[in-house]
């Protein structure tokens, strides 16, 4: 069995949906995708997309909009794509400018609901 060498534990939320906006540099248009959160930690989030990710996305700003499962409050998380799998799973690292309090509240709610 292989040891997980992650710095932070992963949490698996139940039925947590995410709306993703990808803003490539001009003149390209924004891309909107939706998916379900597979797991998340203090460093990043993995989302199973409902549709395939477009090919050859340039360096982009990612905005993830999530509605917290119990309170219904919206959370916005900024990040960048770390990897995309053939199964339309997208790994995203959070940017340094995301709101740490919002992220902590989301993780807490997901753990509490789980």
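Values quoted throughout were computed directly from the atomic coordinates according to the rules given, and no laboratory measurement underlies them. The structure displayed is predicted, hence computed values, not measured ones. Backbone-built Cβ (ideal geometry, glycine too); neighbour counts: all protein chains shown.
Rg(Cα) of segment 28-84 divided by 2.2 N^0.38 Å?
After normalising by residue count via 2.2 N^0.38 Å, the value is 1.18.
Listing 94, 32 from fewest to most neighbouring C-beta atoms within 10 Å gives 32, 94.
Based on the convex hull around the alpha carbon atoms, segment 17-113 presents an average projected area of 6.1 nm².
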